[in-house]
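Here's the structure, in structure tokens; my notes come after.
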Amino acid sequence: MTDIVFEDLNADHDVGSFDCKKPDFVTFLQNNARRNDKKGLGHTVVAVRSSDRAVKGYYTLCGSVLLRENLPEAELGLPRYPSIPGVLLAKLAVHKDYGGHKLGSRLVMSAMADAVEASKKVGWRFFMIDAYDDDALAFYDHLKLGLMPVPKIERRLYLPIETIRAVLGA
């Protein structure tokens, strides 16, 4: 797996052969990811082998906010703005043939690194993840990053930016 590289999704990538356990994520990659990138709705990064263009995994980041009424208790000391900006890991999927090889955790770490890099130009407080289902919740828990649930938003997890920076040593 050392020959896997991460690249911004482009027309040269083979998305047609991507298959994972979640049909919604296959459909998103094949039909929506490029269009969303062009419209500024999200940014997709793919994992490919350096020797071919077939997508082995991907993640999509987008801007988001957390409404004050949904703030975790630990965050109530923030300024009283009606919403607090964040970066949302909206999609993350690994090809079914590449599960169990730590590609998912590498994708999460890359997504966090991209978010921290963006924070140099655009302010945000929370890195949030929408966990698609219970399997996804278990995956994120297994990473031992200290992700915490956002109250009142089912399956949404978060970490403050300073925690992300500490995890990455940034």
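The values are calculated or read from the model by the stated rules, or taken from the named source; none is laboratory data. These numbers were taken from a predicted model, which means no experiment stands behind them. Quick reminder, even Gly has a Cβ in these numbers, built from the backbone with ideal geometry, and neighbours come from all protein chains shown. Keep in mind that these areas ignore ligands, DNA and RNA; they rest on the heavy atoms of the full protein, side chains included. Shrake-Rupley method; radii C 1.70, N 1.55, O 1.52, S 1.80 Å.
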Legend entry - Reachable aspartates and glutamates, given that their alpha-carbon falls under 18 Å from the alpha-carbon of Lys120 and they are not under 8 places away in the same chain: Glu162
Inset, instruction - Pop the C-beta distance of Ala11 and Leu67 into the FRET formula with R0 = 41 Å and round what comes out to the nearest 0.05. - result: 0.65
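Restricting to Cα atoms and excluding each atom paired with itself, what does the Kirkwood estimate give for the chain in Å?
16.6 Å
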Legend entry - Most fluctuating residue given options Thr27, Thr60, Thr44, as computed from a GNM of the chain linking Cα atoms under 10 Å: Thr27
Inset, instruction - Quick one: compute the contact order of the chain, relative version, from alpha carbon pairs under 8 angstrom and 6+ residues apart, as a percent. - result: 19 percent
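Given the rule -39500 (n - 2.57) for each run of at least 4 DSSP H residues, summed and divided by the residues of the chain, what is its mean residue ellipticity at 222 nm, to the nearest 500 deg cm²/dmol?
After summing the helix terms and dividing by the residues of the chain, the value is -7500 deg cm²/dmol.
How much of the DSSP bridge set in the chain is antiparallel, in percent, rounded to the nearest 5?
85 percent
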Inset, instruction - Provide the per-residue ³J(HN,Hα) series for the range 34-41, in order, calculated from phi with Karplus coefficients 6.51, -1.76, 1.60 and θ = phi - 60°, each as a whole number of Hz, with x at glycine and proline positions. - result: 5, 5, 4, 4, 5, 8, x, 8
Inset, instruction - Obtain the nm distance between the two label points defined at Ala170 and Leu137 by a simple spin-label model: each point lies 7 Å from its Cα along the Cα-to-C-beta direction. - result: 2.8 nm
Inset, instruction - Please go through the residue pairs Lys39/Lys121; Lys39/Lys102; Lys38/Lys152 and name each one whose alpha carbons sit more than 26 Å apart in this structure. - result: Lys39/Lys102; Lys38/Lys152
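With a probe of 1.4 Å, find how much accessible area the range 108-170 has per residue, and write the answer as a whole number in Å².
That works out to 54 Å² per residue.
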Inset, instruction - Would you kindly state how much longer the chain becomes between Lys22 and Asp37 on full extension, computed as 0.36 nm times their sequence separation minus their alpha carbon distance, in nm to one decimal? - result: 3.3 nm
Inset, instruction - Could you calculate, for the range 52-126, the ratio of the Cα radius of gyration to the Kirkwood radius, expressed as Rg to Rh? - result: 1.09
Inset, instruction - Starting from the amide H of Gly57, placed 1.01 Å from N in the peptide plane, find each other amide H under 5 Å away whose residue is 5 or more places distant or on another chain. - result: Ala47, His95
Inset, instruction - For the chain, with a Gaussian network of springs between Cα atoms less than 10 Å apart, report the residue from Leu89, Leu66, Leu145 with the top mean-square fluctuation. - result: Leu145
